[in-house]
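See below for the structure under consideration.
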2 protein chains.
Amino acid sequence: MNEQVSPLEAVWKASPYDGAREGLSLGRIVAAAITLADAEGLAAVSMSRVAKALGFTTMSLYRHVASKEELILHMQDVAVGPPPTTFDPAADEDWRTGVERWAWGTVERLRAHPWILQTLPILGPPATPNQLTWLEYGLRTLRATPLLEPEKLQVILLINAHVFGDATFHDAEVADDDSYETLFARYLDPGRFPAVIAAFSGGAFAEGPDPATDRDEQFRFGLERILDGVAQLIGSR
Amino acid sequence: MNEQVSPLEAVWKASPYDGAREGLSLGRIVAAAITLADAEGLAAVSMSRVAKALGFTTMSLYRHVASKEELILHMQDVAVGPPPTTFDPAADEDWRTGVERWAWGTVERLRAHPWILQTLPILGPPATPNQLTWLEYGLRTLRATPLLEPEKLQVILLINAHVFGDATFHDAEVADDDSYETLFARYLDPGRFPAVIAAFSGGAFAEGPDPATDRDEQFRFGLERILDGVAQLIGSR
DNA sequence: CCTCGACTGTGTATGTCATACACTTAGTAT
DNA sequence: ATACTAAGTGTATGACATACACAGTCGAGG
């Protein structure tokens, strides 16, 4: 644990998520918390439940973590994890190939731990070590491109927003599920919401045989639009 | 208040945010909660603080609202508000003009009540009456376009994601503020994060004389990329 | 070898929170 | 007037984050 340090800064200081082989350790605590969040959602993560899962008392956690907020930041960093080094774009690689690989990589991480979404309230710009490593790799895909530095950043952040959009949209859909269709059927006045009804009856909700593919397809569509737009700008330089 | 009804459904049933002139009412409760959230953030909204602000007891709120979750959904709906009717795109209007107007309208709403971001955990697809009205208007801007129905939806959702990205990125920047620069300076190893450093020293954080304009400029950049991509698809049909 | 201090884990206590439930009271319909 | 209903209250419960004081343990310096 650290004295007088902001939660964010604590995450940076911790870097090697070590594990002494016995007793508590930051690594163990964070791992237990992530397991809990994966299984029951972020709301299920309380100091006492995490401690119980490890067989320690609630207060023991505070020897390794200054606050719950810090714990959650650590969870986020570990759950995001470092990008595979194979994601580091080769110097001669086509930017678009690189960006696409990167984009799909980030979706995958977020889908693996959807509760990362709920941890957003804390955030702002990417700020955690692993998050920044992803950002670094993302920016590198645009290295050879004539875009200005701030433009590169905007492009990567835009794609990131799309990734979060995907996760947000498909999150509660799973949870609420039937209540959606029901709700829409019951309250969506065709006089007031003709376009919405048309869009949704086109099958955005009513997934086909393989919802995962459909979801991928939706993500791909948005991504291609973004990249087409970027390509156009690059081409104009 | 409603019996045996999901929080979301309760919001739909409530539609006219009425106000009996005395005593408590849903409208009054929601308004007080929004005032609180605007001033001190979503975290400051507790049943007891809202009640106190109105001069009633905590439990009195439960006569009008089934749970805190329902309250927050109501808050969200009211804070989002209906789109101005002038946003309803004219039939002969250029789609791009319409979409841009719509996009800027949504940013504006979100910026006025940034805590709406924190209410995301609850959500999923847009589902609240006013949210759906915005969606309806957004979709209408693409009415005359050769896009397929699900594609229109994807485009609007993509822009929406961009709006949330803008809000997310600039939210904590305000809150953490100096700690960001500090943190970056202290921990960002130029060996490991060359691209990040290049992108940020380009001035993404170090705002110019008018940060609002810079922020607008950043949003505009992403929006134009998206719309260029969409235009290209439309053109190819 | 002993002692001291640091580190790690514990137990108890406090204040906040959402919410259940039983109660009162006022207003309305018969 | 009586019975019913809606609105507001007060008290109680159980979860939670966290402060604080204490205890065991272990390694380093005498």
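Considering every residue within region A:61-71, establish whether at least one is away from DNA strand C (no atom under 16 Å from the Cβ) and in contact (Cβ under 8 Å) with a residue 40 or more places away in the chain.
no
Those residues that are crowded, with 20+ Cβ neighbours inside 10 Å and either part of a helix (DSSP H, G or I) or without any contact (Cβ under 8 Å) to a residue 24 or more places away in the chain (or both), I need them from region B:135-148; list them, please.
Passing the criteria: B:Leu135, B:Glu136, B:Tyr137, B:Gly138, B:Leu139, B:Arg140.
Cβ contacts < 6 Å: first residue closer than 19 Å to B:His113 by Cα, restricted to region B:32-57; second residue within 10 Å of DNA strand D (Cβ to nearest atom) and part of a helix (DSSP H, G or I), any location; separation 6+ or different chain. Result?
Pairs found: B:Ala32/B:Leu54.
Just one of the numbered conditions (1) closer than 30 Å to B:Ala195 by Cβ; (2) more than 16 Å from DNA strand C (Cβ to nearest atom); (3) of a type outside the set (D, E, K, R); (4) modelled with pLDDT of 95 or more is not true of A:Ala37; which one?
Going through the list (1) closer than 30 Å to B:Ala195 by Cβ; (2) more than 16 Å from DNA strand C (Cβ to nearest atom); (3) of a type outside the set (D, E, K, R); (4) modelled with pLDDT of 95 or more, A:Ala37 breaks only (1).
Anything in region A:102-111 that is open to solvent by less than 60 Å² (accessible area, probe 1.4 Å) and free of Cβ contacts under 8 Å to residues at least 60 places away in the same chain? List them, or say none.
In the first step, residues of region A:102-111 are kept if they are open to solvent by less than 60 Å² (accessible area, probe 1.4 Å); the result is A:102-103, A:105-107, A:110.
Matches in region A:102-111: A:Trp102, A:Gly105, A:Thr106, A:Leu110.
Search region A:204-219 for residues being at pLDDT 90 or above and within 10 Å of another protein chain (Cβ to nearest Cβ), and hand back the single one that is most open to solvent (accessible area, probe 1.4 Å).
Per the criteria, the residue is A:Glu217.
What single numbered condition from (1) assigned by TED's automatic domain parsing to the domain that holds B:Leu36; (2) buried (at least 20 other Cβ atoms within 10 Å of the Cβ) fails to hold for B:Leu132?
(1)
I'm checking my understanding of the structure. Among residues of region B:77-86 that are assigned to a helix (DSSP H, G or I) and either within 13 Å of chain A (Cβ to nearest Cβ) or touching a Leu at 6+ places or on another chain (Cβ under 6 Å) (or both), which one is nearest to DNA strand C (Cβ to nearest atom)?
Within region B:77-86, the match that is nearest to DNA strand C (Cβ to nearest atom) is B:Asp77.
Residue by residue, here is whether (1) assigned to a loop (DSSP other than H, G, I, E, B); (2) open to solvent by 70 Å² or more (accessible area, probe 1.4 Å); (3) outside the structural domain of B:Val163 (by TED's automatic domain parsing) holds:
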{"site": "B:Asp38", "(1), (2), (3)": "no, yes, yes"}
{"site": "B:Ser48", "(1), (2), (3)": "no, no, yes"}
{"site": "B:Ala51", "(1), (2), (3)": "no, no, yes"}
{"site": "B:Ser60", "(1), (2), (3)": "no, no, yes"}
{"site": "B:Glu69", "(1), (2), (3)": "no, yes, yes"}
{"site": "B:Met75", "(1), (2), (3)": "no, no, yes"}
{"site": "B:Glu93", "(1), (2), (3)": "yes, no, no"}
{"site": "B:Gly98", "(1), (2), (3)": "no, no, no"}
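Need pairs with beta-carbon distance below 7 Å; first residue within 14 Å of chain A (Cβ to nearest Cβ) and within region B:5-26, second at pLDDT below 70 and in a loop (DSSP other than H, G, I, E, B); sequence gap 6+ or separate chains.
Taking only residues 6 or more apart or on different chains, the pairs are B:Ala10/B:Asn2; B:Lys13/B:Asn2.
The values are calculated or read from the model by the stated rules, or taken from the named source; none is laboratory data. What you are looking at is a predicted structure, and each value in this text was computed from that prediction instead of being measured. Positions of Cβ are backbone-derived with ideal geometry, glycine not excepted, and every protein chain shown enters the neighbour counts. Heavy atoms of the whole protein, side chains included, go into the accessibility calculation; ligands, DNA and RNA do not. Shrake-Rupley method; radii C 1.70, N 1.55, O 1.52, S 1.80 Å.
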